[in-house]
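First comes the structure, then the notes that go with it.
Where a number appears in this text, it was derived from the coordinates with a stated rule and is not lab data. All of these numbers come straight from a predicted model, not from anything done at the bench. Cβ: placed from backbone, ideal geometry, glycine included. Neighbour counts: every protein chain shown.
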Amino acid sequence: MFIDGDKCIGCESCINWCPMGAIRMGETTAVIDPEECVECNVCRRVEICPVDAFVQKPLEWPRSVRAIYSDPLNIHKETGLAGRGTEEIKTNDVTGRFRRGQVGVTIEVGRPGIGARLKELEKLSMVLARYGVEFEPKNPLTNLINTHTGQLPAEIREEKVLSAIIEITVEEAKLLDVLALIRETAKGLETVISMDVACRAAEDGTWPCAKILKEAGIFYRPNAKINVGLGKPYIG
């Protein structure tokens, strides 16, 4: 994204709309810092500019990866879905994505206002790959990860995104180990992370992961995503 200097009137209306703070005033017009811009398209989409000075240049690889993981309206060709993760982790009660004894873990690297270089995400994916987790094939990021080594293509490691999500599946018995790996690796990241943990409810209605998270000393909010039950579970 860039601002057409011949159109811009320097009104500063757009500056506070950038999630990454990448827009600033130059001598007479607003300008976008290309290193900090994650190509999320918010500045253009909100139509705040009175003279329509924002211009979206065609994005080529590897810069195009910024838009793929920063603009939530983008449809991923690998999954046919918009957004950074899978839909199924939010509706597991019906889809049966995880069998009992399995746990889905998502790690979102970066947030609006901070963002993340993909090399920071790679630090996590490499640690997890060495441990032997299963990367979710329906997650669009998995398409870029070498699932044996956790490495990303070298040319995209310095690209910055609003955030990107690693999605993995682990056995319930290994969740403590995986959580410890994530927490230890996160200490060396130059960004922030947040985690989600999902699994099937036990037959008595309790949530098996609650005890594990407590043992790990992790505070969590039980923000359950309960499907309204208009479908038949694929598995028991």
Computed FRET efficiency, Cβ-Cβ of TRP17 and ARG111, R0 25 Å: what is it to the nearest 0.05? 0.90
If every Lys and Arg gets +1 and every Asp and Glu gets -1 at its Cβ, then about the Cα centre segment 80-215 yields a dipole, in debye to the nearest 20, of 180 debye
Filter on LYS123/LYS211; LYS123/LYS160; LYS119/LYS160; LYS119/LYS174; LYS57/LYS123 - keep pairs with C-alpha separation over 20 Å: LYS123/LYS211; LYS119/LYS174; LYS57/LYS123
So the FRET efficiency between THR206 and GLN102, C-beta based with R0 = 25 Å and rounded to 0.05, is 0.95
Given segment 159-221, report the % of alpha carbon pairs whose separation exceeds 16 Å. 54 percent
Local net charge near THR29, Cβ-Cβ under 15 Å (Lys/Arg +1, Asp/Glu -1): -4
Local net charge near ARG100, Cβ-Cβ under 9 Å (Lys/Arg +1, Asp/Glu -1): 0
Sites ILE218 and ILE9 - FRET efficiency at Förster radius 45 Å, r taken between beta-carbons, to 0.05: 0.35
Farthest towards the positive end of the dipole of segment 1-57, among ILE48, CYS11, GLY21 and with Cβ unit charges of +1 on Lys and Arg and -1 on Asp and Glu, lies the Cα of ILE48
Testing the spin-label approximation: label points 7 Å from Cα along Cα→Cβ at ASP33 and VAL127. State their distance in nm. 2.7 nm
Once Lys and Arg are counted +1 and Asp and Glu -1 for all other residues with Cβ under 12 Å from that of LEU181, the total becomes +3
Taking a ≥ b ≥ c as the square roots of the eigenvalues of the Cα gyration tensor of segment 80-215, is the shape rounded (a/c under 1.5), prolate (a/b larger than b/c) or oblate? prolate
Everything considered on the Cα gyration tensor (a ≥ b ≥ c; rounded for a/c under 1.5, else prolate if a/b is larger than b/c, else oblate), segment 1-57 must be described as rounded
Subtracting the Cα-Cα distance of LEU73 and ALA154 from 0.36 nm times their residue separation yields 26.6 nm
